[in-house]
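The values are calculated or read from the model by the stated rules, or taken from the named source; none is laboratory data. None of the values given here were measured: they were computed from a predicted structure. Neighbour counts run over all protein chains shown; Cβ positions are idealised from the backbone, glycine included.
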Amino acid sequence: MKNISLYFKEGSSDKEYHIQLIPMGKGFVVNFQYGRVGNTLTPGTKTPIAVSEAEADKVYNKLVKEKMGKGYQPLEGSIKK
């Protein structure tokens, strides 16, 4: 499983975003959870059905790049490959 935890803190904003690439059946899914730090996180998925590892990796990397482009940063030691 590949996952990353991203955090964004600026002014009164204190948010977190977690992304996982998870094996499921014969394929892979990309799931995420987000919300304010300390509150209940909202879950979701970018792949409603399992896809190939290459496709899931592409979706995972795109989501990480998108969030980091919005100012989210990984917490030291939170990246697992």
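Looking only at residues in region 50-77 that are in contact (Cβ under 8 Å) with a residue 60 or more places away in the chain and part of a loop (DSSP other than H, G, I, E, B), which one is nearest to the chain's Cα centre (by Cα)?
My answer is Tyr72.
Among the residues of region 18-44, which ones are β-branched (Val, Ile, Thr), surrounded by fewer than 13 Cβ atoms within 10 Å (Cβ to Cβ) and either touching a residue at least 24 places away in the same chain (Cβ under 8 Å) or not in a strand (DSSP E or B) (or both)?
Val37, Thr40
What is the residue count in region 4-43 for residues that are within 20 Å of Gly71 (Cβ to Cβ) and either over 16 Å from the mean Cα position of the chain (by Cα) or not charged (D, E, K, R) (or both)?
Of the residues in that region, 23 qualify.
Is it the case, given these coordinates, that Thr47 is in a loop (DSSP other than H, G, I, E, B), at pLDDT 95 or above and under 23 Å from Gly71 (Cα atoms)?
When the stated conditions are applied, Thr47 does not pass them.
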